[in-house]
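**Q** This structure is in structure tokens; I'll ask about it shortly.
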Amino acid sequence: MADAEIILTDSRHNGIVALASGEKYPWAHTALRESGFQRGEAGIYYLPANESTASRTTVAGLIRCAERHNTTVSVSSRQFIGDMADHVARLLPGQWDAQVEIYSHPLWQEDLVPWLWDSGELGRAVRTTRLPYAATLTNATTGTGLLLAERPGHQRDYLIGAFAPMPLEGGFADPHAPRSVVLPPSPGLAARAITDRYLPTYDRAVHARSTDAVAAALARLRSEHSTWTAMVASGQYNDATPPEFDALGSSTEDLLDNAWRNFLAVLDHAPALLNRCRPATTPWPEDATALARLAGALADAEAVHEELASGVPLTRGERATRTWTPIETWLTHGETFLRQAHTCTPRVRNGIAAPAPPLALPPGAPSPRR
């Protein structure tokens with residue numbers, strides 16, 4: 001691979017597009033500027049195709065100038081990836097924003113690895129193959145972020161995969177990650193493949209990952225509470241009080257702090273899952289009452305979370321009661337929630353999980369966050 005390379009491609013709207021790549025990519029930038037190319041956003045250079053003869057002359061001059069700056073010039077057989085991304089974004093259901101990303105230096109491409117949520121060909125390509133550029137497709141309403149890249153080793157195909165959704169911290173090596181799919185060069189067919197094949201798979205993967213995150217958080221909470229209860233029963237608790245949280249010893253405060261930190265994962269993942277649960281369609285319609293209590297507990301916990309984040313002062317007793325009460329509700333009814341969450345999958349309509357009406361809450365309870 002050359003230390004510096006210029007890749008030329010054609011854009012319907014912007015004429016000739018030049019993209020710089022390589023560890024010495026500033027050499028390519030110098031050659032482009034000296035040759036009359038105009039720099040746009042994200043380090044993309046343009047040569048407006050107002051007059052074909054002038055364009056050919058400028059490109060010929062670029063090749064000679066690039067040689068002086070130890071830079072190679074290649075011509076892509078594909079359309080500019082920004083054109084493809086814009087066209088696909090317009091055809092997807094919902095509001096999508098397309099953005100070209102240039103990974104001029106190879107290290108910039110490596111920054112994708114922790115965040116790409118993919119168990120297929122795109123994930124392997126990002127880790128093992130040079131990709132000097134790609135495009136992101138983002139739906140601000142759903143929070144879905146996709147990565148569109150040219151398929152390495154193929155003249156026309158593309159790959160589509162996803163970034164780890166919020167509130168996941170990263171996607172690398174996650175066993176729940178969906179598999180990227182191959183897209184044809186036609187924007188219409190590509191958008192249909194994303195809508196009909198990829199997004200439904202992505203939604204189900206998010207559902208499974210979120211359910212497991214809640215299950216893991218509840219398991220940690222039960223383990224910590226069991227350890228604390230055993231300590232109290234053995235007489236090791238500092239003031240030998242029964243396991244009630246109005247008498248705060250240091251071990252109880254530690255339990256509450258750890259429990260609240262673990263419960264934040266439930267607060268992040270459970271609201272969307274609860275909105276999908278339909279106990280009336282399962283063998284356990286009686287679970288509706290427990291799910292309503294869980295939704296109310298989430299609303300209470302969210303209110304505490306917002307107060308703590310904004311610096312509202314709470315006494316030790318207030319914080320203990322208001323944080324532990326929703327946690328206790330989830331420990332009591334957590335298994336009911338998990339069996340309901342495992343039986344429901346996102347209702348997919350045109351590739352996007354359809355919104356569902358919220359669960360009925362106890363009178364006066366605020367709605368849980370989404």
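**Q** Once the other residues with Cβ under 13 Å from the Cβ of L137 are scored (Lys, Arg +1; Asp, Glu -1), what is the net sum?
**A** So the surrounding residues net to -2.
**Q** Are there GluC sites (Glu not before Pro) in the range 20-119 that DSSP puts in a loop and that have at most 15 other Cβ atoms within 10 Å, and which ones?
**A** E23, E51
**Q** Pop out the carbon and sulfur fraction of the accessible area of the chain as a percent, whole number, probe 1.4 Å.
**A** 52 percent
**Q** On to the next question. Tell me, what is the FRET efficiency for R68 and R124 to the nearest 0.05, using R0 = 35 angstrom and their Cβ-Cβ distance as r?
**A** For R0 = 35 Å, the calculated efficiency reads 0.40.
**Q** So, one more: Treat every Asp and Glu Cβ in the chain as -1 and every Lys and Arg Cβ as +1, leave all other atoms uncharged, and give the resulting dipole magnitude about the Cα centre to the nearest 20 debye.
**A** I would put it at about 1320 debye.
**Q** Mind checking which of A270, A341, G153 is farthest towards the positive end of the chain's charge dipole, using Cβ charges of +1 (Lys, Arg) and -1 (Asp, Glu) about the Cα centre?
**A** Farthest towards the positive pole: G153.
**Q** Could you provide, to the nearest whole Å², the per residue accessible area of the chain with probe 1.4 Å?
**A** For the chain, the solvent-accessible area averages 49 Å² per residue.
**Q** What does the charge dipole of the range 124-185 about its Cα centre add up to, to the nearest 20 debye, if the Cβ of each Lys and Arg holds +1 and the Cβ of each Asp and Glu holds -1?
**A** For this selection, approximately 240 debye.
**Q** For every helix of n ≥ 4 consecutive DSSP H residues, a contribution of -39,500 (n - 2.57) applies; sum these over the chain, divide by its total residues, and give [θ] at 222 nm rounded to the nearest 500 deg cm²/dmol.
**A** Taken over the chain, the calculation gives -15500 deg cm²/dmol.
**Q** Further question: Please list 3J(HN,Hα) in residue order for the range 324-336, calculated via the Karplus relation 6.51 cos²θ - 1.76 cosθ + 1.60 where θ = phi - 60°; whole Hz, with x for glycine and proline.
**A** Ordered by residue, 3J(HN,Hα) equals 6, 4, x, 5, 4, 4, 6, 5, 6, 10, x, 5, 4 Hz.
**Q** I've got another one for you. What figure in square angstrom, to the nearest 10, would you give for the accessible area of D3 with a 1.4 Å probe?
**A** Spelled out: D3, probe radius 1.4 Å, area about 80 Å².
**Q** Can you figure out the FRET efficiency of Q99 with V75, using R₀ = 41 Å and their beta-carbon distance, to the nearest 0.05?
**A** For Q99 and V75, the calculated efficiency is 0.95.
**Q** Further question on the same structure: Using only the Cα atoms of the chain, construct the convex hull and provide its projected area averaged over every direction, in square nanometres to one decimal.
**A** The number I arrive at for the chain is 23.4 nm².
**Q** What percentages, rounded to whole numbers, describe P(r) for the range 92-194 computed over all alpha carbon pairs with 5 Å bin width beginning at zero?
**A** 3, 13, 23, 27, 21, 11, 2, 0
**Q** Moving on. Once you list every other residue whose beta carbon is under 12 Å from the beta carbon of A213, what net charge do they have if Lys and Arg are +1 and Asp and Glu are -1?
**A** Summing Lys/Arg as +1 and Asp/Glu as -1 gives -2.
**Q** Now, a different point. Let's see if you can work this out: charge +1 on each Lys and Arg Cβ, -1 on each Asp and Glu Cβ, no other charges. What is the dipole magnitude of the range 44-122 about its Cα centre, in debye to the nearest 20?
**A** Here the range 44-122 has a charge dipole of around 480 debye.
The values are calculated or read from the model by the stated rules, or taken from the named source; none is laboratory data. Note that the coordinates shown come from a computational prediction; the quantities given were computed from them, not determined experimentally. So basically every Cβ, Gly included, is an ideal-geometry build from the backbone, and we count neighbours across all protein chains shown. For accessibility, only protein heavy atoms count, side chains too; no ligands or nucleic acids. Shrake-Rupley method; radii C 1.70, N 1.55, O 1.52, S 1.80 Å.
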